[in-house]
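*Asks:* Structure provided below as structure tokens; questions to follow.
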Amino acid sequence: MTHYSHEQTQQPAQLAGQFAQRFQLLAGNIEHVIRGKREAVELALICLFAEGHLLIEDVPGTGKTTLARSIAASVDAEWRRVQFTPDLLPSDITGVSIFNQAHQKFEFHQGPVFANIVLADEINRASPKTQAALLEVMEERRVTVDAEPHPVPRPFLVVATQNPVDMDGTYPLPEAQLDRFLMQISVGYPDHASEVQVLKGMPTGPQVERLPVVARASDVAGMIDFATRIHVADPVYDYIVALCAATRTSPHLRLGASPRGSLALLRAARVKAAAAGRHYVVPEDVKALAVPVLAHRLIRTPEAELRDVTAAGVLGDLLAGMPVPQAA
Amino acid sequence: MTAPAWRRIAGLVLVAALAGTAGWGFHRVFPGAELIVAVVPGAVAPALVAALTRSRPLWLALMLDVVLWFAGTIALYRGFAPGLFADVADAWQGLLTTLLPAQPEPHLLVLVHTLVWAAAVIGAEVLNRTRTRVAAALPSIIVYGVALLFGVDGTGSNLPVAGAVVVLVVALALVREERPALWLLAGVPAGAVLAALALVAGPLLPIAAEPYNPRENAELPPPRRVDSVSPLDRVSAWLQFPGRELFTVKADKPHNWRLAVLDRYDGVRWTSAARFQPTGGRVPEGEWDGEAETVRQSVTFSGLPGTWLPAAERPVEVTGVRGLAVDPGSGSLLAAGKPGKGFTYQVTSRVAKPSKQDLLDATPAADASLTAFPAGPQEKLFRKLAQEATKGADLPIKQAYRLQSYLRANAGYEVAAPPGHSLKGLEFFLETTHRGTSEQFASAFALMARTLGMPSRVVVGFRPGEAEPGGVYRVRSGHVMAWAEIKFDRLGWRPFYPTPGRSGSKDDHDVVSSAIQESEKLAGEFTQGGTDKPKQSRPSDAGTAEESAGGPSPWLIAPMAGAVLLVAYLGVAMVRPWWRRRARRNAPGPGQRVLGAWRQTCDDLGLRDARALTAEEVVARSGAISPDLQPLADISNYARYAPEDIAPEAADEAWRRSDAVRLAVRARTPATARLRDRLLLR
């Protein structure tokens, strides 16, 4: 990254450079396993460093689980997988208090949510009550049992998946709960060349278990802290707010982005700027993240649904007509 | 990349030469050496200023140019001219209403000075501050076009000047082409072929035979009363005091000296509809283009009142009069101010000598204004007498001479006759008194001719005067005489002398003009004879202005306004991008300069209206054009969104990269597309 200012202001830029270096290292490491999906990998990492959570909606077998495992393996973090089923109880996720007769007291047994990276597989198959329990932990970052809070470790990333087909007997996440996810993405099928590479790599190719650790959990926490200090110029704030406000007045949308959506977009944009080696956010960062961060928060009008107008399409139109900030 | 110094200097020299040559295109308007004073400073000074202020702000150069323009006008006027700006604004109208060649007056030459200066300023600064090749020549070419237009009916050839302009434009294009000097020689044959083509094809163009003449559409000054007393009204008074010396004429032969022509009659007085135009000495020729006698006269004023200048019919060239004006219709001459005693000028006249057959073949011209007879019961009388007088005459010329003979035979000349030439007075003259001066005779003749459908007018002038040794004729007030003229097709105006006793060769001892002698001879041939007798008369008021000035013709204003708008548009189209780039480059603060560089680059890439594109998106679209685009986008983002102030060096770098991108865009864009974009103000 070239610097265009005076020498004393170069420290944030240098730190941003280091951030970008480590970010790219992580992404490259994960890409050894998740081939040809650099964008999805980077978005997942942005979620991690923005302290958000990721909802992946995709068909089975596209690498959703592998992605979560690869992230965990690369940062030397603890990870757990929870297969959501209709009979799953909230305590199966958060944990339970059991009376220890030896010590004559209740002891809290942590559930699978107490991990750095939690893979909530097919989250829409669990009952709303169980979903709510997970979403509460996602938001509060702690589990409260018997009035005693039990914080989850840091970093903490929930990667939830949904299967868009075979929806019988599922409980779709309500809009209010979708809002808790920083991003919703789709991994998608790999392209031809990448899939060939995957086949060639079996069974001796890179495995998640063999991925080298390129960052410790403490490093990730430091990077999270650094990302929050990325500078955002006033025109960029205006740009974000204007974009979210535009979703609220769009004739194709029944419900626009909430202020939580603007905050999420800002956090994600900060991480993306740092990942690009910048210590300041540019509109490009906002634009690049607008669809994954905002689209799942928007509710289309019935007419738009009938016309097959997607939320991503609406956002694309809004972005295409919105001038980027011209002055500092 | 900067052009070598020799190319730059040579370019400025060529621009100065082009502006000077374009100014020299006015040589048909101002044939004298005075044009040099107007042209040379205006052409040279801006080039010098441009050479000295190349790296300075434009405003400084323009200020110096204005100061030097002002200095040039001081040299032109030989002092400070309080009405300078009014002169500049009015000069074009003065030139369009001036018969060429124009007097080399400062108030006219200042237009040439200003045009040449403007062409040189624009050309030199365009050459100095842009990379265009021949755009610097455009103002000079426009000025040359203006010169052609103003001098279209002047004497002399445009060919050498046009050739020089072409050669200089080609030379400028070659000098601005950034190739080796030897390569420039390759353009010489191309220039020669172009010039040869122009020479061959030029005369074949439709406009070559009848070039557009703006003077034909120019609104002439309205008729004006040039003297407080009409010359026709002075006739009687002068005859009362016949010994007053008015002027002397030195001429080869005696002629009648015309003073004023009156062609409008309202029933009370004869007035003139003359539209006097300034002239440098040339007087447009009359309609007669056949055999003619050339008469040279030198006229010296003694006591002639008014500003009319006497001359034999028909003057074609006048020298020695400053502020001379002429009525192209009648050939009457007028001085700007009242000439004093001893004032002398020279006139060359062309006296028509049509053959007898020409006269017999002549038919009266069709001009309703010159055959108009004022409403009144007198018309019947005038027609009856005219028909009676011309009874049996089968040809118009015979009718005219019979009319002349009729008046000479049936009325007498009397100096003491009551003055005036109203319809009632003339009726009284024809029916009752049969006595009058040339005032009544000429008026009666003209009106009787009109009842026969012959266009007529009255001329006031003098007989040749008293002959003195050395071909000098001394003209006194008693020599005043009015006569009438009838207009024939092709022949033009023919004089008739209906006054008996004063205009005949046998009437007195004074010298008789050759025109009268000839007229009498022809009258004898065309009529059955007739005698006349002398008498005298008195004046009436002369004519005054009839029509108010309505300003220049719309036919002239429209194309000129269009031309001005076109030039202004071209100027804006040419200067606007440069001006905007310059403002951006010199914006206050490094941050603004960087933003200016980015906006400039977006403009150059044709993305001015794509405001929703981020810098990265611009790079994604156009990054292949230049490798400098990505770094420039980074600097732009840094300047706009980074928390720190950007360093001035970064702004310099941004502009370096912007210039590089611009050059890359230019290299990829065809010249026609660039020209189109510029003309469409994109």
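*Asks:* Mind listing whichever residues of the range B:1-50 are free of Cβ contacts under 8 Å to residues at least 60 places away in the same chain and not aliphatic (A, V, I, L, M)?
*Replies:* Taking the range B:1-50 as the starting set, the residues that turn out to be free of Cβ contacts under 8 Å to residues at least 60 places away in the same chain are B:2, B:4-6, B:9, B:13, B:33, B:36, B:40, B:48.
Those that are free of Cβ contacts under 8 Å to residues at least 60 places away in the same chain and not aliphatic (A, V, I, L, M): B:T2, B:P4, B:W6.
*Asks:* Considering every residue within the range A:176-198, establish whether at least one is in contact with a helix residue (DSSP H, G or I) (Cβ under 8 Å, 6 or more places away or on another chain) and in a helix (DSSP H, G or I).
*Replies:* Yes, there is a match, as at least one residue in the range A:176-198 is in contact with a helix residue (DSSP H, G or I) (Cβ under 8 Å, 6 or more places away or on another chain) and in a helix (DSSP H, G or I).
*Asks:* Taking the range A:266-313, which residues are closer than 16 Å to A:L178 by Cβ, within 18 Å of the chain's Cα centre (by Cα) and among the β-branched types (V, I, T)?
*Replies:* Within the range A:266-313, A:V291, A:V293 meet the criteria.
*Asks:* Out of all the residues in the range B:591-606, is one or more on the phi < 0 side of the Ramachandran plot, modelled with pLDDT of 85 or more, in a loop (DSSP other than H, G, I, E, B) and within 10 Å of another protein chain (Cβ to nearest Cβ)?
*Replies:* Checked against the condition, which is being on the phi < 0 side of the Ramachandran plot, modelled with pLDDT of 85 or more, in a loop (DSSP other than H, G, I, E, B) and within 10 Å of another protein chain (Cβ to nearest Cβ), the range B:591-606 yields no hits at all.
*Asks:* Out of the residues in the range A:271-318 that are at the interface with chain B (Cβ under 7 Å from one of its Cβ atoms) and part of a helix (DSSP H, G or I), which is farthest from A:H231 (Cα to Cα)?
*Replies:* The selected residue is A:K287.
*Asks:* Here's another thing I want to ask about it. Just for strands (runs of 3 or more DSSP E) wholly inside the range B:390-490: which have at least 2 residues that are surrounded by fewer than 19 Cβ atoms within 10 Å (Cβ to Cβ)? Walk me through how you get there before you give the answer.
*Replies:* Working: elements: B:456-462, B:466-468, B:472-476, B:480-488.
By residue number, B:466-468, B:472-476.
*Asks:* Tally time: how many residues in the range B:370-389 are outside any helix (DSSP H, G or I) and buried (at least 16 other Cβ atoms within 10 Å of the Cβ)?
*Replies:* Residues flagged as outside any helix (DSSP H, G or I) and buried (at least 16 other Cβ atoms within 10 Å of the Cβ) within the range B:370-389 amount to 2.
The rows are residues; the columns are (1) modelled with pLDDT under 90; (2) farther than 22 Å from B:Q240 by Cβ; (3) of a type in the set (S, T, Y).
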| residue | (1), (2), (3) |
| --- | --- |
| B:F441 | no, no, no |
| B:F445 | no, yes, no |
| B:R450 | no, yes, no |
| B:S456 | no, yes, yes |
| B:V459 | no, no, no |
| B:G465 | yes, no, no |
| B:E468 | yes, yes, no |
| B:G471 | yes, yes, no |
| B:G478 | yes, no, no |
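*Asks:* Look through B:A86, B:A81, B:A50, B:A102 and report the one residue that is among the small types (G, A, S) and farther than 29 Å from B:G320 by Cβ. Write out each step before concluding.
*Replies:* Working: B:A86 fails: farther than 29 Å from B:G320 by Cβ; B:A81 fails: farther than 29 Å from B:G320 by Cβ; B:A102 fails: farther than 29 Å from B:G320 by Cβ.
Result of the check over B:A86, B:A81, B:A50, B:A102: B:A50.
*Asks:* Where in the range B:625-682 are there helices (runs of 4 or more DSSP H), lying wholly inside it, with at least 3 residues that are farther than 30 Å from A:Y239 by Cβ, away from every other protein chain (no Cβ under 14 Å) and within 50 Å of the chain's Cα centre (by Cα)?
*Replies:* Details: elements: B:629-641, B:648-668, B:671-679.
Those helices (runs of 4 or more DSSP H) span B:648-668, B:671-679.
*Asks:* Filter the range A:93-116 down to the residues that are without any contact (Cβ under 8 Å) to a residue 60 or more places away in the chain and in contact with a Pro (Cβ under 8 Å, 6 or more places away or on another chain), then identify the one that is surrounded by the most Cβ atoms within 10 Å (Cβ to Cβ). Before the answer, list the steps.
*Replies:* We begin by selecting, within the range A:93-116, every residue without any contact (Cβ under 8 Å) to a residue 60 or more places away in the chain; these are A:93-115.
After this cut, where a residue has to be in contact with a Pro (Cβ under 8 Å, 6 or more places away or on another chain) as well, the list is A:93, A:114-115.
Working: A:I93: 24, A:F114: 22, A:A115: 21.
Among them, the one singled out is A:I93.
*Asks:* Quickly run through the range B:332-347 and pick out the residues that are at negative phi and more than 22 Å from the chain's Cα centre (by Cα).
*Replies:* To start, the set of residues in the range B:332-347 that are at negative phi comprises B:332-341, B:343-347.
Once the filter is applied, which keeps residues that are at negative phi and more than 22 Å from the chain's Cα centre (by Cα), the range B:332-347 yields B:K338, B:P339, B:G340, B:K341, B:F343, B:T344, B:Y345, B:Q346.
*Asks:* Can we say B:A22 is surrounded by 21 or more Cβ atoms within 10 Å (Cβ to Cβ), under 24 Å from B:T130 (Cα atoms), under 21 Å from the mean Cα position of the chain (by Cα) and not basic (K, R)?
*Replies:* On the way: surrounded by 21 or more Cβ atoms within 10 Å (Cβ to Cβ): yes; under 24 Å from B:T130 (Cα atoms): yes; under 21 Å from the mean Cα position of the chain (by Cα): yes; not basic (K, R): yes.
The answer is yes for B:A22.
*Asks:* Taking the range A:220-240 only, how many residues are part of a helix (DSSP H, G or I) and either in contact with a Pro (Cβ under 9 Å, 6 or more places away or on another chain) or in contact (Cβ under 8 Å) with a residue 40 or more places away in the chain (or both)?
*Replies:* Of the residues in the range A:220-240, the ones part of a helix (DSSP H, G or I) are A:220-228, A:234-240.
From what is left, the residues that are either in contact with a Pro (Cβ under 9 Å, 6 or more places away or on another chain) or in contact (Cβ under 8 Å) with a residue 40 or more places away in the chain (or both) are A:220-221, A:223-224, A:226-228, A:234-236, A:238-240.
Qualifying residue count for the region: 13.
*Asks:* List the pairs whose first member sits in the range B:608-622 and is more than 10 Å from chain A (Cβ to nearest Cβ), whose second member is assigned to a loop (DSSP other than H, G, I, E, B) and surrounded by fewer than 15 Cβ atoms within 10 Å (Cβ to Cβ), and whose Cβ atoms are under 8 Å apart, counting only residues at least 6 apart or on separate chains?
*Replies:* From the range B:608-622, the pairs are B:R608/B:R682.
*Asks:* Test of understanding: among B:R269, B:R258, which residue is within 17 Å of B:W493 (Cα to Cα) and either surrounded by fewer than 22 Cβ atoms within 10 Å (Cβ to Cβ) or assigned by TED's automatic domain parsing to the domain that holds B:V458 (or both)?
*Replies:* Numbers: B:R269 fails: within 17 Å of B:W493 (Cα to Cα).
It is B:R258.
*Asks:* Can you go through B:A19, B:A45 and tell me which one is out of contact with any His (no Cβ under 9 Å at 6 or more places or on another chain), closer than 27 Å to B:T97 by Cβ and at pLDDT 90 or above? Show your work before the answer.
*Replies:* Numbers: B:A45 fails: closer than 27 Å to B:T97 by Cβ.
Result of the check over B:A19, B:A45: B:A19.
*Asks:* Further, regarding this structure: Is it the case that the range A:249-256 has a residue that's within 14 Å of another protein chain (Cβ to nearest Cβ) and at pLDDT 90 or above? Give the steps one after another, and end with the answer.
*Replies:* At the first step, the residues of the range A:249-256 found to be within 14 Å of another protein chain (Cβ to nearest Cβ) are none.
No, the range A:249-256 contains no residue that is within 14 Å of another protein chain (Cβ to nearest Cβ) and at pLDDT 90 or above.
*Asks:* Then there's this: Failed condition for A:A246, given (1) in contact with a Leu (Cβ under 8 Å, 6 or more places away or on another chain); (2) crowded, with 22+ Cβ neighbours inside 10 Å; (3) within 14 Å of chain B (Cβ to nearest Cβ); (4) touching a residue at least 60 places away in the same chain (Cβ under 8 Å), with all others met?
*Replies:* Single failed check for A:A246: (2).
*Asks:* Can I ask one more? Can you confirm whether the range B:358-366 contains a residue that is polar (S, T, N, Q) and farther than 24 Å from B:L423 by Cβ?
*Replies:* Kept after step one, since they are polar (S, T, N, Q), are these residues of the range B:358-366: B:363.
Narrowing the set further to residues that are farther than 24 Å from B:L423 by Cβ leaves B:363.
Checked the range B:358-366: at least one residue is polar (S, T, N, Q) and farther than 24 Å from B:L423 by Cβ.
*Asks:* Return a yes/no flag: does the range B:289-300 have any residue that is closer than 23 Å to B:D153 by Cα and not in a strand (DSSP E or B).
*Replies:* yes
The values are calculated or read from the model by the stated rules, or taken from the named source; none is laboratory data. If you're wondering where the values come from, they're calculated on a predicted model, not measured in any experiment. Don't worry about glycine lacking a Cβ; one is built from the backbone with ideal geometry, like all the others, and counts go over all protein chains shown.
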